[in-house]
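The values are calculated or read from the model by the stated rules, or taken from the named source; none is laboratory data. Because the structure is a prediction, the values reported are computed rather than measured. Cβ placement follows ideal geometry from the backbone for every residue including glycine, while neighbour counts extend to all protein chains displayed. Just so you know, the surface numbers come from the protein's heavy atoms only, side chains and all, with ligands and any DNA or RNA stripped out. Shrake-Rupley method; radii C 1.70, N 1.55, O 1.52, S 1.80 Å.
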Amino acid sequence: MDKEITLEEMKQTIGEEVFVSDWKTITQDQINTFAKATHDFQWIHVDIQKADNGPFGKPIAHGFLTLSLLSSFSFQGAPVPKGTKMSTNYGLNKVRFITPVKVNDEIRDHIVLQDVIVKKPGQVLITTRHTIEIKGESKPACVAEFLTLSFL
């Protein structure tokens with residue numbers, strides 16, 4: 001669950017890592033389910049035999065599957081303004097898929113608070129940078145600037 005802190009406390013942590021998620025294993029079943037939901041059946045994701053002989057040595061997760069986990073990772077404990085009734089995805093500024101996430105890789109999210117803006121009374125726009133780490137890899141899977149609109 002998100003951790004509630006005051007707006008002043010949030011503003012004091014701008015530029016700092018505010019949360020590191022738990023590790024999550026990406027399974028072939030999860031990749032296949034994502035492929036069905038998005039109609040993206042490219043062989044590097046779902047054809048195990050062909051992918052085992054492909055450029056990555058095994059199937060890889062869709063980049064957008066990795067990106068779609070930002071909300072889930074955030075919900076594990078990233079701070080939100082005290083009194084938040086709900087939060088919505090507001091958008092993304094910059095996304096880069098740097099290293100493919102292979103089937104059965106473990107990933108986790110490092111969240112850095114970048115900005116907190118009161119848009120109008122009761123609405124706070126929060127910008128966070130998410131770096132998705134792959135266990136055992138030197139480069140991240142994904143780096144993204146994520147915008148969340150919190151309603152107080």
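Cβ-Cβ below 9 Å, separation at least six or inter-chain, first residue in the stretch 100-120 and among the polar types (S, T, N, Q), second surrounded by fewer than 17 Cβ atoms within 10 Å (Cβ to Cβ) and not in a strand (DSSP E or B): which pairs? Between residues of the stretch 100-120 that are among the polar types (S, T, N, Q) and residues that are surrounded by fewer than 17 Cβ atoms within 10 Å (Cβ to Cβ) and not in a strand (DSSP E or B), the close pairs are 104/27; 104/28; 104/58; 114/14; 114/15.
Residues of the stretch 104-139 being of a type in the set (Asp, Glu) and under 26 Å from residue 60 (Cα atoms), which ones? Steps first, please.
Filtering the stretch 104-139 for residues of a type in the set (Asp, Glu) gives 105-106, 109, 115, 133, 137.
Answer for the stretch 104-139, where residues must be of a type in the set (Asp, Glu) and under 26 Å from residue 60 (Cα atoms): 105, 106, 109, 133, 137.
Pairs are defined by a Cβ separation below 8 Å, a sequence spacing of at least 6 or placement on different chains, a first member in the stretch 10-25 that is under 11 Å from residue 128 (Cα atoms), and a second member that is in a loop (DSSP other than H, G, I, E, B) and of a type in the set (A, V, I, L, M, F, W, C); the pairs so defined are 18/78; 19/78. Residues that are exposed (fewer than 14 other Cβ atoms within 10 Å of the Cβ) and either farther than 19 Å from residue 141 by Cα or under 13 Å from the mean Cα position of the chain (by Cα) (or both) within the stretch 96-115 comprise just one, 96. When you check residue 93 against the structure, is it open to solvent by 60 Å² or more (accessible area, probe 1.4 Å), farther than 11 Å from residue 148 by Cβ, in contact with a strand residue (DSSP E or B) (Cβ under 7 Å, 6 or more places away or on another chain) and outside any strand (DSSP E or B), yes or no? Taking the combined requirement at face value, the residue does not satisfy it.
Considering 87, 74, which residue is in a helix (DSSP H, G or I), surrounded by 14 or more Cβ atoms within 10 Å (Cβ to Cβ) and small (Gly, Ala, Ser)? Answer to the check: 74. Applying the condition of being part of a helix (DSSP H, G or I) and not hydroxyl-bearing (Ser, Thr, Tyr) to the stretch 58-71 and asking which residue is surrounded by the fewest Cβ atoms within 10 Å (Cβ to Cβ) yields 64.
Selection over the stretch 104-152 of residues that are under 23 Å from residue 51 (Cβ atoms) and part of a strand (DSSP E or B) gives a count of 6. If we scan the stretch 5-21, do we find a residue that is buried (at least 17 other Cβ atoms within 10 Å of the Cβ), closer than 27 Å to residue 103 by Cα and not polar (S, T, N, Q)? Checking the stretch 5-21: at least one residue is buried (at least 17 other Cβ atoms within 10 Å of the Cβ), closer than 27 Å to residue 103 by Cα and not polar (S, T, N, Q). Among the residues of the stretch 1-29, those identified as outside any loop (DSSP other than H, G, I, E, B) and of a type in the set (A, V, I, L, M) are 5, 7, 10, 18, 20.
Being part of a helix (DSSP H, G or I) and among the aromatic types (Phe, Trp, Tyr), is that true of even one residue in the stretch 38-57? Show your work before the answer.
Of all residues in the stretch 38-57, those part of a helix (DSSP H, G or I) come to 38, 43-46, 48-52.
Restricting the remaining residues to those that are among the aromatic types (Phe, Trp, Tyr) gives 43.
Yes, some residue in the stretch 38-57 is part of a helix (DSSP H, G or I) and among the aromatic types (Phe, Trp, Tyr).
Being open to solvent by 60 Å² or more (accessible area, probe 1.4 Å), under 18 Å from residue 21 (Cα atoms), out of contact with any Leu (no Cβ under 7 Å at 6 or more places or on another chain) and at pLDDT 95 or above is not true of residue 53.
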